[in-house]
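The values are calculated or read from the model by the stated rules, or taken from the named source; none is laboratory data. These numbers were taken from a predicted model, which means no experiment stands behind them. Positions of Cβ are backbone-derived with ideal geometry, glycine not excepted, and every protein chain shown enters the neighbour counts.
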Amino acid sequence: MDDIFLNAQLKAFYMEDFNNLINSDREFWRIDNEFLKEKLIAINSNPQVQTLYSKCELQGLTSEESYLEFAFCEPMELKIFRSILPEMLLHFNSFGREESNCYYRYSKPGANPNYKPNSEKFGMRCVDDEDYFKINSIKICLKTINSETKKEFWNELVRLFSR
């Protein structure tokens, strides 16, 4: 499949889904915490980037992985690969950070792994729309049990996407 980058029309499409998520009263769809909600809103304020999927559990040890999957405009691609990803990887995989592992995955447009044709519809495109992931995206992940490192990861993402 050809590259599909974020544009104004797709930004509006994904922002509608994000706003539905923010306003959802279903417990399952609640964003993990107010900290993450604030960070996602800040990242989505960049017109060249759109969050697609995320996780950040700050309390407890049930999950050590935090991640952000996002789409981006074509002009933003070089900045992501030449600046943002190298800074994140260096910062969170450097000497003295044995407790964390930061990595990323680049995805071409493809099928939505969450979509099931005859399943209940939730009003969230990330599971209801088979074309939701038909866009170039990057998933950046941090594995750590340290909640302060997770906070730093999200603060760094906001900083890098804001400049």
remark   = Of the residues in segment 75-119, those that are at pLDDT 95 or above, polar (S, T, N, Q) and in contact with a helix residue (DSSP H, G or I) (Cβ under 8 Å, 6 or more places away or on another chain) come to Ser83
task = Scan segment 101-123 and give yes if some residue there is under 20 Å from Ile31 (Cα atoms) and in contact (Cβ under 8 Å) with a residue 40 or more places away in the chain, otherwise no.
result = yes
Residue list for segment 152-163, restricted to those being surrounded by 16 or more Cβ atoms within 10 Å (Cβ to Cβ), under 15 Å from the mean Cα position of the chain (by Cα) and either of a type in the set (D, E, K, R) or part of a loop (DSSP other than H, G, I, E, B) (or both) = Glu156
message = Need pairs with beta-carbon distance below 7 Å; first residue on the phi < 0 side of the Ramachandran plot and within segment 1-27, second of a type in the set (Phe, Trp, Tyr); sequence gap 6+ or separate chains.
response = Phe5/Phe72; Leu6/Phe72; Leu21/Trp29
query = Out of segment 135-151, which residues are assigned to a helix (DSSP H, G or I), surrounded by fewer than 20 Cβ atoms within 10 Å (Cβ to Cβ) and under 15 Å from the mean Cα position of the chain (by Cα)?
reply = Lys151
